[in-house]
Amino acid sequence: MYAVVDVETTGLDPVSDRIIDIGVIIADNNAQPVEHYTTRINPLRPVDATFIHGLTDADLADSPTFEDIVQELADLLNGNILVAHNASFDAKFLRAAFERAGYTAIIDSHTSVCTMDQSRIYLPEGSHKLLACVERAGVPSRPAHRGLADTQCALELFQHYRNAEHLGQRHTQSALNRHEETVLPAAWTRAKPMRITTNYELRQNQHRASQP
């Protein structure tokens, strides 16, 4: 199963900035949606990136905090493979947010499916921003810098890539992403699920494992 995710944030630093909007679409092993979740989140600090997503402090004042939704979100994501456009960004923010809330979160962008990176394999040359990718892929949805809207775009890109791989329609066999890391086709075949648990549960599991 896959968890297609998009987060909007107060800024670009996962240490000092916070998630303010999240969209999640759970998809089955054929990349077909089965469940969706979205919420705004009160970051308990000023929003600095309103010019990107349009969300203001007033918009978020009555929203739940991350701690309010953390268990529900952990249950939703745990055991699923992360799919996101620029997965390293979402993975860093999710991991930092869960750890601040007292959870151990194994969310590794290198074992996720990045629809930005995979665009270098399955789309013609061009910009790798979300809007440019969905336009070149010919998918109907359009990004809006909102969690669920951008998540829907990422899901449709993911479906496009899987279909292209099935048809043998690669534009190249490998590429380099913007971090100079090698991108290979069909990342979903090598991806690993996220593991998210409370620190208490982790200690309990470690204690049981150590018993004779």
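The values are calculated or read from the model by the stated rules, or taken from the named source; none is laboratory data. Here the structure is a predicted model, which is why all the values come from computation and not from measurement. Because the Cβ atoms are built from the backbone with ideal geometry, glycine has one as well, and the counts that use them run over all protein chains shown. For the accessible areas, the whole protein counts, side chains as well, though only heavy atoms, and no ligand, DNA or RNA atoms are used. Shrake-Rupley method; radii C 1.70, N 1.55, O 1.52, S 1.80 Å.
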Along the Cα-to-Cβ line of residue 48, 7 Å from the Cα, sits a label point; which residues in the stretch 64-98 have backbone N less than 13 Å from it? none
Residue 75 accessible area, assembled protein chains, probe 1.4 Å, Å²: 110 Å²
In whole Hz, with x marking every Gly and Pro, tabulate ³J(HN,Hα) for the stretch 109-116 from phi via Karplus 6.51 cos²θ - 1.76 cosθ + 1.60, θ = phi - 60°. 5, 6, 10, 10, 10, 9, 6, 6
When the accessible area of the chain is computed with all protein chains present and a 1.4 Å probe, what percentage of it is carbon and sulfur? 50 percent
Per residue, what accessible area does the chain have, given a 1.4 Å probe and all protein chains present, in Å²? 49 Å²
Residue separation between residue 100 and residue 13 times 0.36 nm, minus their alpha-carbon distance, gives in nm 29.9 nm
Run the quick spin-label model on residue 65 and residue 170: label points 7 Å from Cα toward the beta carbon, then report their separation in nm to one decimal. 4.8 nm
The chain, helix-only ellipticity at 222 nm - DSSP H runs n ≥ 4, -39,500 (n - 2.57), divided by all residues, nearest 500: -11500 deg cm²/dmol
Probe 1.4 Å - accessible area at residue 16, Å² to nearest ten: 60 Å²
Give me the number: length gained by fully extending residue 30 to residue 141, i.e. 0.36 nm times residue separation minus the C-alpha to C-alpha distance, one decimal in nm. 38.0 nm
So what is the relative contact order for the chain, in percent, with contacts set as C-alpha pairs under 8 Å and at least six apart? 24 percent
Segments 66-74, 143-151 sorted - mean Cβ within 10 Å per residue, highest first: 143-151, 66-74
Round to the nearest 0.05 the FRET efficiency obtained for residue 180 and residue 129 when R0 = 30 Å and r is the Cβ-Cβ distance. 0.95
Just how much of residue 167 is accessible, in Å², when a 1.4 Å probe is used and the result is rounded to the nearest 10? 100 Å²
Once you keep just the Cα pairs under 8 angstrom separated by 6 or more residues, what percentage relative contact order results for the stretch 40-163? 20 percent
